[in-house]
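Report on the following structure.
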């Protein structure tokens, strides 16, 4: 009995389902073919024809076609159109969907997306800006390739770059330089893409080249040359160094004579890529003689006599140099050949009349007061000058080798030491206030000298009296440093940095 009741109920339910299903089909009819339109993931309506909407987008955008010189305009990147079958008859016109899309998102055209990924090898200026990724948009692939070539030429020069690429550089005999490597530190990829017309799309090489060099498409500042002005004066007045001024004005050379009324570009270059290149440079350089003193307590303090006259030497050096956007990042003297040795000058000086324990021999500031702080040969790789819009407050001396001795240029008292930084630094490293391991010596007249980017092996202590020529540290690359060098900085008693090549050394 129970089984019969269950069978009866099941049969009844089945009949009811068949009835209603049949009724739904009779009432709804066959499903309609339509297209569901999404914009940025949101449904914005059903349309009958995908082709009609796409043709409308293309045909209506004559201004975009004229502006970019293209034949076809495409939907926004966030638009998708999916074919569906539906019983929903709320289909709207393609005109309405077009108007809504046009209001919300810009259309696209065929072009290229260039992605620049920055890394630790990027230039110091780019690292300082904290940039990670930059996207650039062009109509043609060749535009970016040629613009990158122009950027490299701005720093290297067209003739040298062409000789390097064609492998026609001359062999170096007695002197000269050759390009040994060239690359962009960043990872640069080029992808064919549908580019939104809201983006800045570069259509010519010159504009993109300027953008890569200056970091902007804005018109650069210019000045008119006045009578008797030279490149150095114009550069300093506009917070540039000579190299930056020459890059901004490729038609002039370092030894060019300016004419009154001539217009020069003085825009601050801010490259968006790191043109990294190596050079082998062979040159013969003067090796300055050192001055040593022999104290004679039988003579009064006013006595001074040159007992051995000093003579500069000549040495041929081979340098392996790495540049980034014109700045020297590292310099290694890989070979040297002494042609004429330097002869130290010996001066006998009197000390009679003074307590020897308190005596510090002093000469007028800017002449024999300052002993050269490194071994020879060396290279000044950065001077007291404007660099990327900031003043470099000392000179950088390279080429002496990691761990080579650093000598105190003057007698004085050690007033500050940092020796806890790592021996290898990187740009932006703030250890030691970005100086890394450093020693500060205060001269008897209150002036101070900072010896920066040393190794952490510092052989002096705070409060110690040091003599001229005494080893006070070793050349390193600590703190904000991208290569082995000494940063030598001279400050007056007020803390104002002075130009070492005008006050201390003939450099």
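The values are calculated or read from the model by the stated rules, or taken from the named source; none is laboratory data. All of these numbers come straight from a predicted model, not from anything done at the bench. Note that we place each Cβ from the backbone using ideal geometry, even for glycine, and neighbour counts take in every protein chain shown.
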For this session: Inspect all residues belonging to region 306-326 and state whether any of them is outside the structural domain of residue 243 (by TED's automatic domain parsing), outside any strand (DSSP E or B) and under 25 Å from residue 134 (Cβ atoms).
Result: yes
Problem set entry | residue 356 being surrounded by fewer than 19 Cβ atoms within 10 Å (Cβ to Cβ) and either modelled with pLDDT of 85 or more or outside the structural domain of residue 447 (by TED's automatic domain parsing) (or both) | yes
Problem set entry | Matching option when the condition is farther than 30 Å from residue 335 by Cα, assigned to a loop (DSSP other than H, G, I, E, B) and free of Cβ contacts under 8 Å to residues at least 40 places away in the same chain, among 434, 420 | 420
For this session: Tally the residues that are modelled with pLDDT of 90 or more and closer than 24 Å to residue 371 by Cβ, restricting the search to region 429-445.
Result: 11
Exercise. Within the bounds of region 272-284, is there any residue that is more than 22 Å from the chain's Cα centre (by Cα), assigned to a helix (DSSP H, G or I) and surrounded by 13 or more Cβ atoms within 10 Å (Cβ to Cβ)?
Worked result: no
Exercise. Condition test on residue 453, is it on the phi > 0 side of the Ramachandran plot, surrounded by 20 or more Cβ atoms within 10 Å (Cβ to Cβ), within 22 Å of the chain's Cα centre (by Cα) and in a strand (DSSP E or B)?
Worked result: yes
For this session: Go through (1) in contact with a helix residue (DSSP H, G or I) (Cβ under 9 Å, 6 or more places away or on another chain); (2) surrounded by fewer than 23 Cβ atoms within 10 Å (Cβ to Cβ); (3) assigned to a strand (DSSP E or B) and name the single condition residue 507 misses.
Result: (3)
Problem set entry | Where residue 267 falls short, out of the listed (1) in contact (Cβ under 8 Å) with a residue 24 or more places away in the chain; (2) out of contact with any helix residue (DSSP H, G or I) (no Cβ under 6 Å at 6 or more places or on another chain); (3) assigned to a loop (DSSP other than H, G, I, E, B) | (2)
Problem set entry | Extreme residue, surrounded by the fewest Cβ atoms within 10 Å (Cβ to Cβ), among residues of region 210-264 that are part of a loop (DSSP other than H, G, I, E, B) and in contact (Cβ under 8 Å) with a residue 60 or more places away in the chain | 250
Exercise. So residue 178 fits all but one of (1) modelled with pLDDT under 95; (2) surrounded by 14 or more Cβ atoms within 10 Å (Cβ to Cβ); (3) not assigned by TED's automatic domain parsing to the domain that holds residue 253; what number is the exception?
Worked result: (1)
For this session: Output the number of the condition that residue 133 fails; it satisfies all remaining conditions of (1) modelled with pLDDT of 95 or more; (2) touching a strand residue (DSSP E or B) at 6+ places or on another chain (Cβ under 6 Å).
Result: (1)
Exercise. Would you call residue 468 touching a strand residue (DSSP E or B) at 6+ places or on another chain (Cβ under 7 Å) and either surrounded by fewer than 18 Cβ atoms within 10 Å (Cβ to Cβ) or assigned by TED's automatic domain parsing to the domain that holds residue 425 (or both)?
Worked result: no
For this session: May I ask you to say which residue of 447, 474, 407, 427 is touching a residue at least 60 places away in the same chain (Cβ under 8 Å), touching a helix residue (DSSP H, G or I) at 6+ places or on another chain (Cβ under 7 Å) and not assigned by TED's automatic domain parsing to the domain that holds residue 242?
Result: 427
Exercise. So residue 481 clears everything in (1) touching a helix residue (DSSP H, G or I) at 6+ places or on another chain (Cβ under 6 Å); (2) closer than 27 Å to residue 287 by Cα; (3) outside any strand (DSSP E or B) except one condition, right? Which one?
Worked result: (1)
